[in-house]
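Asks: Dumping the structure here so I can ask a few things about it.
Bear in mind these aren't lab numbers, they're just calculated from the coordinates by the rules spelled out. Keep in mind it's a predicted model, so treat the numbers as computed, not measured. Because the Cβ atoms are built from the backbone with ideal geometry, glycine has one as well, and the counts that use them run over all protein chains shown.
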Amino acid sequence: MSPLAEGLVAELRARPRHFAELVEAHPTVAWRDLLRAWGEVRGLEALGRDEHGRYQIAAPRG
Amino acid sequence: MKQGFRDVLRVLEDAGELRRIKKAVDPRHLSALAAQAKEATFFETVEGYPGWRVAGALVSTRKRLARAMGCAEADIARRFEDGIRRPIDARLVDAGACQEVVWQGDDVDLTAIPIPLMHDKDGGPYISATMVVSKDPEYGRNVGSYRLMYRTPRETGIDLVSSSDMRRYYQRALDAGRPLEIAVAVGVHPYEMLAASYKAPIDVDEYAIAGGLHGAPVELVRCKTVDLEVPADAELVLEGELLPIGWTADEGPFGEFSHITGDVKWNPIFRVRCITHRRDPIFYMLQMPWENDWLAAPVIEAAGLQALRIASVEPVAIRAPVGGCCYWTLVASIKKRPGEGKNALLALLSVAEVKLAIVTDDDIDIYDPDDLDWAMTFRVQADHDVLIVPGARGKHIDPSVRAWSLGKGGLPTTAKLGIDATIPEGVPREQYERLRYFARDAVRLEDYL
């Protein structure tokens, strides 16, 4: 996983966020790099949503 | 010859209705900039996307939609009716500009397309200007418009919640345990978009409706990897399949046509296996909600005209105002005979999700809000001329129906309101004679300037 994707995961672990909040947190990252990293985060299949539609990292099962 | 997407850009530019932006723009900012412009916007340079340009907000006003349709603003519904009455079959051609560049295999990468983030609560970047083609072994070809949310370099979400022919095709494919192949054309003429958003009977080819609107056949090319056909002059085409996973993947929220953010939905996933585009592609960013609303206007207005005629009421003009999202409100003027103000209301309130209808006489300019207010002030007695129909079908996205209180699968109802702003029966027309300025035809202001 790229450092950028790891950073996105860490931000989502800290608290639920809208996609736009993740974008705002990385204003200098090239759009394409951000989309690639988001694809990596999606690939983890750990993304969930809270009641406001914000992304969050789902709690590990078990 | 049929007009294309680029012809619309030219028509708008010639009319001073398109603004070119030469400075490089980050895709994060495309939508916000387009929203600030009074004109349609054309971004000539997109940061990180050499060779791509982006056009947006092309038909985000009634005036620009009418320009794209080549008619007067008051005539968009009749222009649409004329087109759907005379469908023209599409024509298959050997090659098209939409396939000048082909990405397949490892080259397939949605991040190479400048997909914008539009609203602050959207679930991701969205492709909003889609014309989605699918086929069913029994029912044949279908064309619709469905938003796509970026997920990964090869996958998007697709909103397939509402009832539609393609939803039915997908359900049938799902029942058979197979994916549904689709192709998505982006950057086509508004006539193709109108045909795609029109709920045609399942056996009617939307490409033929687009042909009827153009007055010439839509030229199609065969896709590279799926058994489907797309407009040859499209800017961009995505080919692939809806995975047979049902409605299981999160999609949304998205800034909806109601001008409100919708909910997270559960939808299928579109896996892209091939991308084709023009050598010098223009990505069409359909600016929500305005373009979505205005592309609905001719359809809902035409439905209103048809409903009035079925009710034996003679319509003069009809308008679906953007304040009602060109969907929930219809205003019509009619040539009224006694009782027809109410008949007209009953007819208009029967159209789809229309929940507010206003009817005036033909001396009222329904495009002039002051004239309309005047009619509603002096021709309406609320105890006689207001009609309320409770318990009609509503739509989840209307907050006033309180859909959240219904539980999963609950269907909302709504009250419908009709206002008869025609001259009341028994009141002489002379009572409404307008003021006239003395000597108004004898002098001209220009002669005194």
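Asks: Going by C-beta contacts inside 10 Å, put B:Lys23, B:Lys199 in order with the fewest on the left.
Replies: Sorted ascending by nearby Cβ count, the order is B:Lys23, B:Lys199.
Asks: Let me ask you something else. B:Lys63 to B:Ala24: extension gain in nm, 0.36 nm per residue of separation minus the Cα-Cα distance? Display every interim value, and only then the final one.
Replies: Numbers: separation 39, 0.36 × 39 = 14.04 nm, distance 2.84 nm.
This chain segment gains 11.2 nm when fully extended.
Asks: Once you mark the chymotrypsin sites (Phe, Trp or Tyr not before Pro) that are in a DSSP loop and have at most 13 other Cβ atoms within 10 Å, what is the longest gap between them in chain B? Numbers along the way, then the final one.
Replies: Values: sites that count: B:Tyr437, B:Phe438.
The reported range is B:1-436.
Asks: Hey, what number do you get for chain B at 222 nm if only DSSP H runs of n ≥ 4 count, each worth -39500 (n - 2.57), divided across all residues, to the nearest 500? If you can, show how the numbers build up before the last one.
Replies: Working: 11 runs with 108 residues, N = 449.
-7000 deg cm²/dmol, from helical runs alone.
Asks: Region A:1-50 to region B:1-65: how many Å between their Cα centroids?
Replies: 29
Asks: Further, regarding this structure: Check region B:311-426 and count each lysine pair with an alpha-carbon distance under 27 angstrom, considering only pairs eight or more places apart or from different chains.
Replies: Close lysine pairs found across region B:311-426: 13.
Asks: Select from chain A those GluC sites (Glu not before Pro) which occupy a DSSP coil region and have at most 15 other Cβ atoms within 10 Å, ordered by residue number.
Replies: A:Glu45, A:Glu51
Asks: In terms of the Cα gyration tensor, with a ≥ b ≥ c the square roots of its eigenvalues, is region B:84-131 rounded because a/c is under 1.5, prolate because a/b exceeds b/c, or oblate? Present the calculation step by step, with values, prior to reporting the outcome.
Replies: Numbers: a/c = 4.10, a/b = 1.36, b/c = 3.02.
Because a/c hits 1.5 or more and a/b fails to exceed b/c, region B:84-131 counts as oblate.
Asks: Quick one: among B:His277, B:His119, B:His29, which has the greatest mean-square fluctuation in a GNM of chain B with alpha-carbon springs under 10 angstrom?
Replies: B:His29
Asks: Counting only residues 5 or more places away or on other chains, whose amide H sits under 5 Å from the amide H of B:Ile334 once H atoms are built in the peptide plane?
Replies: For B:Ile334, whose amide H was placed from the backbone, the distant partners under 5 Å are B:Val316, B:Thr360, B:Asp361, B:Asp362.
Asks: What is the antiparallel percent of DSSP beta bridges lying wholly in chain B, to the nearest 5? Please list the in-between numbers first.
Replies: Details: 58 of 80 bridges.
Of those bridges, close to 70 percent are antiparallel.
Asks: Moving on to the next point. Out of the DSSP beta bridges found with both residues in the protein assembly as shown, what percent are antiparallel (nearest 5)?
Replies: Working: 62 of 84 bridges.
Among the beta bridges of the protein assembly as shown, antiparallel pairing accounts for roughly 75 percent.
Asks: Among all the lysines, which ones have a C-alpha under 20 Å from B:Lys135's C-alpha, if same-chain residues fewer than 8 places away are not counted?
Replies: B:Lys199, B:Lys224
Asks: Now for a separate question. With an 8 Å cut-off on Cα pairs and a minimum separation of 6 or more residues, tell me the relative contact order of chain B in percent.
Replies: Details: 1014 pairs, mean separation 66.5, N = 449.
It rounds to 15 percent for chain B.
Asks: Just flag the trypsin sites (Lys or Arg not before Pro) in chain A sitting in loop per DSSP whose Cβ has no more than 15 other Cβ atoms within 10 Å.
Replies: Working: sites: A:Arg13, A:Arg17, A:Arg32, A:Arg36, A:Arg42, A:Arg49, A:Arg54, A:Arg61; in loops: A:Arg54, A:Arg61.
Passing sites in chain A are A:Arg61.
Asks: What order do you get for B:Asp205, A:Asp50 when you list them from fewest to most C-beta neighbours inside 10 Å? Write down the numbers at each step before the final one.
Replies: Details: B:Asp205 18, A:Asp50 12.
Fewest to most other Cβ atoms nearby, the residues stand as A:Asp50, B:Asp205.
Asks: Something else now. What is the fewest-to-most order of B:Leu445, B:Leu180, B:Leu406 by other Cβ atoms lying within 10 Å of their Cβ? Present the calculation step by step, with values, prior to reporting the outcome.
Replies: Working: B:Leu445 6, B:Leu180 23, B:Leu406 13.
So the residues, fewest neighbours to most, are B:Leu445, B:Leu406, B:Leu180.
Asks: In terms of modelled amide H atoms, which long-range or inter-chain residues lie less than 5 Å from the amide H of B:Gly240?
Replies: B:Ile182, B:Arg273
Asks: Suppose each label sits 7 Å from its Cα in the direction of the beta carbon; what would the A:Ser2-B:Ile388 distance come out to in nanometres?
Replies: Calculated label separation equals 5.7 nm.
Asks: Per the Cauchy relation, a quarter of the hull surface: what is the mean projected area of the convex hull of the alpha carbons in chain B, in nm²?
Replies: Values: hull surface 101.1 nm².
With the hull built on Cα positions only, its mean projection is 25.3 nm².
Asks: Using Cα springs under 10 Å in a Gaussian network model of chain B, which residue among B:Gln171, B:Gln104, B:Gln431 shows the largest mean-square fluctuation?
Replies: B:Gln431
Asks: If you don't mind, there's one more thing I want to ask. How long are the three semi-axes of the equivalent ellipsoid for region B:256-296, computed from the Cα gyration tensor as the root of 5 times each eigenvalue, in whole Å, largest first? It would help to have the intermediate numbers written out before the result.
Replies: Details: eigenvalues 129, 75, 10 Å².
After diagonalising the Cα gyration tensor, the semi-axes are 25, 19, 7 Å.
Asks: Which net charge results for the neighbourhood of B:Pro201, defined as the other residues with beta-carbon distances under 15 angstrom from its beta-carbon, given Lys and Arg at +1 and Asp and Glu at -1?
Replies: Overall, the nearby charge balance is -2.
Asks: Right, something else. By the scheme Lys and Arg +1, Asp and Glu -1, what is the net charge of all other residues having a beta-carbon under 11 Å from that of B:Leu346? Write down the numbers at each step before the final one.
Replies: On the way: positive: B:Lys342, B:Lys416; negative: B:Glu340, B:Asp420.
Within the 11 Å Cβ shell, the charges total 0.
Asks: Follow-up. For region B:204-270, what is the relative contact order in percent, using Cα pairs closer than 8 Å and at least 6 residues apart in sequence? If you can, show how the numbers build up before the last one.
Replies: Details: 78 pairs, mean separation 14.3, N = 67.
Over region B:204-270, the number comes to 21 percent.
Asks: Along region B:109-121, what does the Karplus equation 6.51 cos²θ - 1.76 cosθ + 1.60 (θ = phi - 60°) give for ³J(HN,Hα), rounded to whole Hz, x for Gly and Pro?
Replies: Values, residue by residue: 7, 5, 5, 7, 10, x, 7, x, 8, 9, 10, 6, 10 Hz.
Asks: Next question. Distance from a point 7 Å along Cα→Cβ of A:Gln56 to each backbone N in region A:1-26: keep the residues under 14 Å and list them by number.
Replies: A:12-18
Asks: Taking 37 °C and 0.692 mPa s as the conditions, I'd like the Stokes-Einstein D for the protein assembly as shown in µm²/s, using the Kirkwood hydrodynamic radius from alpha carbon pairs.
Replies: On the way: Rh = 24.6 Å.
Once the numbers are plugged in, D ends up at 133 µm²/s.
Asks: With +1 assigned to the C-beta of every Lys and Arg and -1 to the C-beta of every Asp and Glu, and no other charges, what is the dipole magnitude of the protein assembly as shown about the Cα centre in debye, to the nearest 20? Could you put the intermediate results ahead of the total?
Replies: Numbers: 64 positive and 76 negative charges, 130 e Å.
For this selection, approximately 620 debye.
Asks: Okay, next question. Quickly work out the B:Arg172-to-B:Val443 label distance, labels modelled 7 Å from Cα along the C-beta direction, and quote it in nm with one decimal.
Replies: Using points 7 Å along Cα→Cβ, the separation is 7.2 nm.
Asks: Still on this structure, I have one more. What does the convex hull of the alpha-carbon atoms of region A:3-57 project to on average, in nm²? The partial results should precede the final answer.
Replies: Values: hull surface 13.5 nm².
Taking the Cα atoms of region A:3-57, their convex hull projects to 3.4 nm² on average.
Asks: Could you tell me the relative contact order of region B:244-349? Use alpha-carbon pairs under 8 Å, at least six residues apart, and round to a whole percent. Could the numbers behind the result be given before it?
Replies: Values: 130 pairs, mean separation 21.6, N = 106.
Computed over region B:244-349, the figure is 20 percent.
Asks: Using +1 on the beta carbon of Lys and Arg, -1 on that of Asp and Glu, and nothing else charged, what's the dipole of region A:3-57 about the Cα centre, debye to 20? If you can, show how the numbers build up before the last one.
Replies: Details: 8 positive and 9 negative charges, 12 e Å.
Using only the charged Cβ atoms, the result is roughly 60 debye.
Asks: Springs between alpha-carbon pairs under 10 angstrom, Gaussian network model over chain B: which of B:Asp106, B:Asp233, B:Asp136 fluctuates most?
Replies: Looking only at B:Asp106, B:Asp233, B:Asp136, the biggest GNM fluctuation is shown by B:Asp106.
Asks: So, one more: Can you give the translational diffusion coefficient of region B:73-276 in µm²/s, computed by Stokes-Einstein from the Kirkwood radius over Cα pairs at 37 °C and 0.692 mPa s? Could the numbers behind the result be given before it?
Replies: Values: Rh = 17.3 Å.
This corresponds to a translational diffusion coefficient of 190 µm²/s.
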